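Asker: Shown below is the structure under consideration.
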Amino acid sequence: MQLKLLWDLQELDLAIRATEQQIEEAPALSGVDEALTRLEELKQLLTDKELLFKEDQKKLKNLEMRTQKIVEDRKNLKENMYDGTVSSVKELEQMQRKMELLAEEKNGLEEEILILMESLEEEESSLEQLKKEVESAAEDLREKETMLKEKLARLEDELKSLQEKRSRHVKGIEPKFLDRYNLLAEKHNGQPLARVEDEICGGCRVFISSALRGHLYNPEAMVYCENCGRLLVKL
Ligand SMILES: [Zn+2]
């Protein structure tokens, strides 16, 4: 009877240990860390791309301002040319040349503006895409965190109920048997008892000698495996 109680105690302790291990391993298995890393990487990428986008917007504005300035310069130049104040042919020729140069410069700027606008459009749609990816990565992280939280809560409940069961169970065990159990548990990595099956020790798989076998039928006797030293139980 006492041996049966010890056996059940070992089963409880093994279940407790397995649950504790599950609690310990749950965060790593949950994928929360990976999801968090992915989210942070995407956020960083988004920040970098937004910065580039803003820089390109500034560049565009600058090009537009330069173009506007040329338009005004040309307008002023044209007025000066035709308001009759300049009569020197040479000077007029120089002004005409300047008008042409400004027109060329304007063309060049307008080309740059077109290219930049196209690339801004692409950047904008890639930013939209990236924002969606950030959102979905954040959602993925939230889901994984929730699942982990639920799993841990369930495991903690299980552990608590196992521990309560254990403290109730231990009360029925005689101190002599319990002390022996605790002593052997340390030596045998939490598995101090071995079941005898087909006259073999369930702990080390070695045959039980016939001398020992006889004692196994006394339910109050503590019989140890000659090979591994575990307390033998015949259930
Ligand atoms: Zn053994």
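The values are calculated or read from the model by the stated rules, or taken from the named source; none is laboratory data. Just so you know, these numbers come straight off a predicted model, no measurement behind them. Positions of Cβ are generated from backbone atoms using ideal geometry, with glycine treated the same way; all protein chains shown enter the neighbour counts. The protein model used for the area step is the full one, side chains on, heavy atoms only, and it has no ligands, DNA or RNA in it. Shrake-Rupley method; radii C 1.70, N 1.55, O 1.52, S 1.80 Å.
Asker: With axes computed from alpha carbons, what is the tilt in degrees of helix 89-170 against the longest principal axis of the chain, rounded to the nearest 10 within 0 to 90?
Answerer: On a 0 to 90 degree scale, this one is about 10.
Asker: If you rank 82, 181, 224 by how much accessible surface each has, with a 1.4 Å probe, what is the order from largest down? Write down the numbers at each step before the final one.
Answerer: Working: 82 165, 181 5, 224 65 Å².
Correct descending sequence by accessible area is 82, 224, 181.
Asker: What residue among 72, 139, 34 shows peak mean-square fluctuation when the chain is described by a Gaussian network model with Cα springs under 10 Å?
Answerer: Looking only at 72, 139, 34, the largest GNM fluctuation is found for 72.
Asker: Sticking with this one: Just to be sure I understand: if I project the alpha-carbon convex hull of the chain onto a plane and average over all orientations, what area do I get in nm²?
Answerer: Details: hull surface 91.9 nm².
Quarter of the Cα hull surface area: 23.0 nm².
Asker: Hey, which aspartates and glutamates would be in cross-link range of residue 69, C-alpha to C-alpha under 17 Å, not counting anything within fewer than 8 residues on its own chain?
Answerer: 79, 100, 104, 105, 110, 111, 112
Asker: In the chain, carbon and sulfur make up what percent of the accessible area (probe 1.4 Å)?
Answerer: Carbon and sulfur atoms account for 51 percent of the accessible area of the chain.
Asker: Given charges of +1 on the Cβ of Lys and Arg and -1 on the Cβ of Asp and Glu, with all other atoms neutral, how large is the dipole of the stretch 31-170 about its Cα centre, in debye to the nearest 20?
Answerer: Details: 27 positive and 38 negative charges, 132 e Å.
Here the stretch 31-170 has a charge dipole of around 640 debye.
Asker: Residue 119: accessible area at probe 1.4 Å, nearest 10 Å²?
Answerer: 40 Å²
Asker: Name the residue, out of 39, 184, 148, whose mean-square fluctuation peaks in a Gaussian network model built on the chain with Cα pairs under 10 Å.
Answerer: Comparing 39, 184, 148 in the GNM, the peak value goes to 184.
Asker: Which one, 214, 108, 84, has the greatest fluctuation when you compute a Gaussian network model over the chain with C-alpha springs under 10 angstrom?
Answerer: It is 84.
Asker: Can you tell me, using C-alpha contacts under 8 Å and at least 6 residues apart, the relative contact order of the stretch 31-170 as a whole percent?
Answerer: Values: 56 pairs, mean separation 66.5, N = 140.
That works out to 47 percent.
Asker: Putting +1 on Lys and Arg Cβ atoms and -1 on Asp and Glu Cβ atoms, find which of 148, 31, 130 reaches farthest to the positive end of the dipole of the stretch 31-170.
Answerer: 148
Asker: With the dipole of the chain worked out from charges on the C-beta (+1 for Lys and Arg, -1 for Asp and Glu) around the Cα centre, which of 68, 211, 119 lies farthest toward the positive end?
Answerer: After comparing all options, I get 211.
Asker: For the chain, give the magnitude of the charge dipole about the Cα centre (Cβ charges: +1 Lys/Arg, -1 Asp/Glu; no others), in debye to the nearest 20. Each step should come with its number before you reach the end.
Answerer: Values: 38 positive and 52 negative charges, 340 e Å.
The dipole magnitude comes to about 1640 debye.
Asker: Then there is this: Computed over the Cα atoms, what is the radius of gyration of the stretch 78-173 divided by 2.2 N^0.38 Å, N being its residue count? Please list the in-between numbers first.
Answerer: Numbers: Rg = 38.6 Å, N = 96, 2.2 N^0.38 = 12.5 Å.
For the stretch 78-173, the normalised Cα radius of gyration comes out at 3.10.
Asker: Ranked from the most accessible area to the least, with a 1.4 Å probe and all protein chains present, what is the order of 210, 30, 167? Spell out each step's value before the answer.
Answerer: On the way: 210 85, 30 30, 167 65 Å².
Descending order: 210, 167, 30.
Asker: For residue 71 and residue 217 in the same chain, what is the full-extension length gain: residue separation times 0.36 nm, less their Cα-Cα distance, in nm?
Answerer: Values: separation 146, 0.36 × 146 = 52.56 nm, distance 11.10 nm.
Answer, rounded to one decimal: 41.5 nm.
Asker: Once you keep just the Cα pairs under 8 angstrom separated by 6 or more residues, what percentage relative contact order results for the chain?
Answerer: On the way: 185 pairs, mean separation 77.8, N = 235.
That works out to 33 percent.
Asker: Listed here are the pairs 49/98; 151/187; 61/98; which of them are more than 28 Å apart at the Cα? Mind dumping the intermediate values first?
Answerer: On the way: 49/98 40 Å; 151/187 32 Å; 61/98 24 Å.
With Cα atoms farther than 28 Å apart: 49/98; 151/187.
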